[in-house]
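Below: one structure, written as structure tokens.
Values quoted throughout were computed directly from the atomic coordinates according to the rules given, and no laboratory measurement underlies them. Note that the coordinates shown come from a computational prediction; the quantities given were computed from them, not determined experimentally. FYI the Cβ positions are ideal-geometry reconstructions off the backbone, even for glycines, and counts take in every protein chain you see.
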Amino acid sequence: MKNTGCKRLFKLALALALTGCAGNPAVKTDSPYHNHATTIPDQALPYQAQNITGTYANSLPLKNFIRHMVLEHHFSESYLNSLFSKAKRLNYVIRLETPPPYHGPKPTHPKVGGWTRYRKQFITEAHINNGVAFWSNNADAIQKASVTYGVDPEYIVAIIGIETFFGRNVGKTRTFDALTTLAFDTQRRAKFFTSELENFLLMTREEGYEPLKPVGSWAGAMGLGQFMPSSFRSLAVDFNNDGHRNLWDKFDAIGSVANYFSHSGWQNNMPVAEKIKGYSGGSTIELSAKKGSEYWRVHPNFKVIKKYNNSDKYAMAVHQLAQAIKQRRL
Ligand SMILES: [Ca+2]
């Protein structure tokens, strides 16, 4: 991601995915957004209101935001008044974004075995087998994306596996409510989420989405690859050529993940990381395993994965899942 807010966001989104998907990979969810509204000018939508009513009726920051959207992007004020009158404040989103204050002693060392615990959630038989199946079922799209964008196919598969368990856990939170809540009811990253809300509304207008329909993670990430609205607008691609960018569609999601990697500097058919015996400066990372630290030499492609989520553990899990799926597929 381009900014640090987004990097942190993906960590948080991942934390949620951990609780939501890794522990229960059998849960299936149908694609939440497979129908497209045709593009309708916003004035024509059934949203017209003089004032904001409902939860956000008295929110000055929202009034300022609407003014900005009208002046900067020529949205209709009555349309936005009506739309935001339907916004719901989501208390669980506030709780997830605002961890309770910690009053205990400052930890001096990271918890031993953090990598072992993290790895267990993603490098599972279910992830590997479902990865092989996902690859087979979407072989044409994956092959085309790999060739078009120069990205090794196993990494496209692994990202989608870790983000959403191959599309089965794309999140059920209405994105409009999540971003409105994060923008106007939380403090820490309000500016970032306000910008994502702006991008979300632009995205719905550009792509013809009905704003109340898209669903995703509590933090506003959408589709099989969990793109934030700003990433959607800049990096999503219409890979099945149906005239719409739809990250809930497998074909479009596969192309979009590959495009994201390509933009981040992925080097096709080049190494990602290899295990070494001890710390050797420069490009060595240390991961805390139960049996002691693991040391890995990492290559530029490892940093590309970290642009998706700025965490060594995340990038290593993607790498190892990719390799495991590739091996199993042979
Ligand atoms: Ca499409």
### Cross-link pairs Lys86/Lys250; Lys306/Lys326; Lys291/Lys326; Lys172/Lys306 - those with Cα-Cα distance over 23 Å
Lys86/Lys250; Lys291/Lys326; Lys172/Lys306
### Query
Do you know the relative contact order of region 228-320, to the nearest whole percent, from alpha carbon pairs under 8 angstrom that are 6+ apart?
20 percent
### Task
Scan region 60-145 for trypsin sites (Lys or Arg not before Pro) in coil per DSSP, keeping those whose Cβ has at most 10 other Cβ atoms within 10 Å, and list them by number.
Lys111
### Summary
With the 8 Å Cα cutoff and a minimum separation of six or more residues, region 164-268 has a relative contact order in percent of 26 percent
### Task
Take peptides 270-283, 250-263 and line them up by average Cβ neighbours within 10 Å, highest first, as a rough protection proxy.
250-263, 270-283
### Query
Among rounded, prolate and oblate, which fits region 61-151 when a ≥ b ≥ c are the square roots of the eigenvalues of its C-alpha gyration tensor, a/c under 1.5 means rounded, and a/b larger than b/c means prolate?
oblate
### Cut-off 10 Å between beta-carbons: net charge of the residues surrounding Ala87, Lys and Arg +1, Asp and Glu -1
+3
